[in-house]
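For reference, the structure discussed in these notes is given below.
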Amino acid sequence: MATSFLHAVSISKIYPGTTDSGLKLTSLEISQGEITAIIGASGSGKSTLLSLLYGLQSPDTGEVRFKDEHVWGPEEKLIPGHDAMKMVTQAEDDLNLFAKVRDNVSVLLPNTDVRAKMDKTEQVLKQLNMLHLSDKRVADLSGGEKQRVAIARALVTQPEVLLLDEPFNQVDTSFRDGLQDDIRQIVKDTGLTVIMVSHDPAEVLSMADTLIVLKDGEIIESGHPKKIYNDPQYLYTARLLNNCNVLNADEAGVCGIKAKKEWVMLYPEWVEPRDTWAGKRWIVRQVLFKGFYEELLLENNGVTLRILNGHPGKFIEGNKVKIKIGRYLEY
């Protein structure tokens, strides 16, 4: 029988209070050499699940196993956290702000072989495109650069699993994209397994091989991001992944949809504006410039739709248009 890489069996962690929060009875399997992203609303149990997988907390019930060995919690291990894993959070607490980047990254390596220590540090800095920063003090870096230092520091000891808790939350978009590309390349080159918690659809859809959706401490769906995005089983998931249009049955009727269920969901890209001679019932209330595309806010009979327009400048506020709905989902 094949050995499982990292899996949780019937784990839970409840924080008592006015409203119980944490993680309800959960089982999951993490695939080796892939990026698994965990998403959910605030308080859904994302960070709790991550800390249980790492061994920072002990579950109330169940067990986490890594390569068929028990993952010890803080009650069983003096320094919490599995030795084959490393975690990076938004905090900079572990960084020495007044030391150089090179020294921050190399500090976790032994001094028994100084040349090997220097070579390994340089290799990781190169992987994350940070060689030009190696002699700078961490205090002089931007937030995104500090996050790169934290990730490099975690990777230098060659962990088998890298856990990222909202790693790009305070990183500029352009910097974030480059960092995501570097992490994906490292996964491809080394077979590293990454588990990340995020609230940003752009991060999880572009990075993850597997997506896990948490709601109120429970996993409600999981699978490939493309599959979950295109066919979310729950309206909750669609709302996490996109600023989608959600209509009740009456509002859907204004769009020409005969709904059989309570709610209808349309992603903005599923609706196409058309400049035709007839049937122009929707008024362009607002045009939001997004660069190579626009978002249009359309209104008809009290119903508002947010849609995408791939031809900037084609419509202006006050125009009347017809819409073509390519697809919708009911819940």
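The values are calculated or read from the model by the stated rules, or taken from the named source; none is laboratory data. All figures in this text were calculated on a predicted structure; none of them were measured in a lab. Reconstructed Cβ throughout: ideal geometry from the backbone, glycine too, with neighbour counts over all protein chains shown.
For segment 218-230, the criterion of a residue being part of a strand (DSSP E or B), in the same structural domain as F66 (by TED's automatic domain parsing), charged (D, E, K, R) and within 24 Å of E166 (Cα to Cα) is satisfied by at least one position.
Within the span defined as segment 150-159, one or more residues are surrounded by fewer than 17 Cβ atoms within 10 Å (Cβ to Cβ), assigned by TED's automatic domain parsing to the domain that holds K46 and part of a loop (DSSP other than H, G, I, E, B). Residue check: E262 meets all listed conditions (1) surrounded by fewer than 16 Cβ atoms within 10 Å (Cβ to Cβ); (2) assigned by TED's automatic domain parsing to the domain that holds E299; (3) of a type outside the set (K, R); (4) closer than 26 Å to G45 by Cα but one, namely (4). Checking each residue in segment 48-84 for being of a type in the set (A, V, I, L, M, F, W, C), under 30 Å from D119 (Cα atoms) and surrounded by fewer than 21 Cβ atoms within 10 Å (Cβ to Cβ) picks out I79, A84.
Tell me yes or no: at least one residue of segment 5-14 is on the phi > 0 side of the Ramachandran plot, crowded, with 17+ Cβ neighbours inside 10 Å and at pLDDT 90 or above. Scanning segment 5-14 turns up no residue that is on the phi > 0 side of the Ramachandran plot, crowded, with 17+ Cβ neighbours inside 10 Å and at pLDDT 90 or above. Among the residues of segment 12-63, those identified as over 22 Å from the mean Cα position of the chain (by Cα) and hydrophobic (A, V, I, L, M, F, W, C) are I14, L25. Could you check, for segment 283-295, whether at least one of its residues is in a helix (DSSP H, G or I), under 26 Å from H199 (Cα atoms) and among the aromatic types (F, W, Y)? So far as segment 283-295 goes, no, none of its residues is in a helix (DSSP H, G or I), under 26 Å from H199 (Cα atoms) and among the aromatic types (F, W, Y).
Scanning segment 64-83 for residues that are among the acidic types (D, E) and under 18 Å from V161 (Cα atoms) gives D68, E69, D83. Within segment 199-211, count every residue that is assigned to a loop (DSSP other than H, G, I, E, B) and modelled with pLDDT under 90. Residues in segment 199-211 being assigned to a loop (DSSP other than H, G, I, E, B) and modelled with pLDDT under 90: 2 in total.
Close Cβ contacts (under 7 Å, 6 or more residues apart or on different chains) running from residues in segment 275-288 that are free of Cβ contacts under 8 Å to residues at least 40 places away in the same chain to residues that are among the β-branched types (V, I, T) and surrounded by 13 or more Cβ atoms within 10 Å (Cβ to Cβ) comprise V284/V321. Taking the condition of a type outside the set (A, V, I, L, M, F, W, C) and modelled with pLDDT under 95, does P59 pass? Judged against the criteria, P59 is not a match. Scanning segment 280-295 for residues that are under 17 Å from W270 (Cα atoms) and either surrounded by fewer than 16 Cβ atoms within 10 Å (Cβ to Cβ) or charged (D, E, K, R) (or both) yields Y293, E294, E295. Under the condition of being surrounded by fewer than 16 Cβ atoms within 10 Å (Cβ to Cβ) and out of contact with any Leu (no Cβ under 8 Å at 6 or more places or on another chain), the residues counted in segment 30-42 number 2. The criterion of being of a type outside the set (A, V, I, L, M, F, W, C) and farther than 20 Å from V197 by Cα does not hold for K226. Kindly indicate whether I38 is touching a Phe, Trp or Tyr at 6+ places or on another chain (Cβ under 9 Å), of a type outside the set (S, T, Y) and under 28 Å from I186 (Cβ atoms). No; evaluated as a whole, the condition is false for this residue. Once segment 226-252 is narrowed to residues that are in contact with a Leu (Cβ under 9 Å, 6 or more places away or on another chain) and more than 22 Å from E295 (Cβ to Cβ), the residue that is surrounded by the most Cβ atoms within 10 Å (Cβ to Cβ) is I228. Within segment 296-331, being in a loop (DSSP other than H, G, I, E, B) and loosely packed, with under 14 Cβ neighbours inside 10 Å holds for N301, G302, G310, H311, P312, G313, I316, E317, G318, G326, R327. Within segment 160-190, track down each residue that is of a type in the set (D, E, K, R) and surrounded by 14 or more Cβ atoms within 10 Å (Cβ to Cβ). Answer for segment 160-190, where residues must be of a type in the set (D, E, K, R) and surrounded by 14 or more Cβ atoms within 10 Å (Cβ to Cβ): E160, D165, E166, R176, D177, D182, R184.
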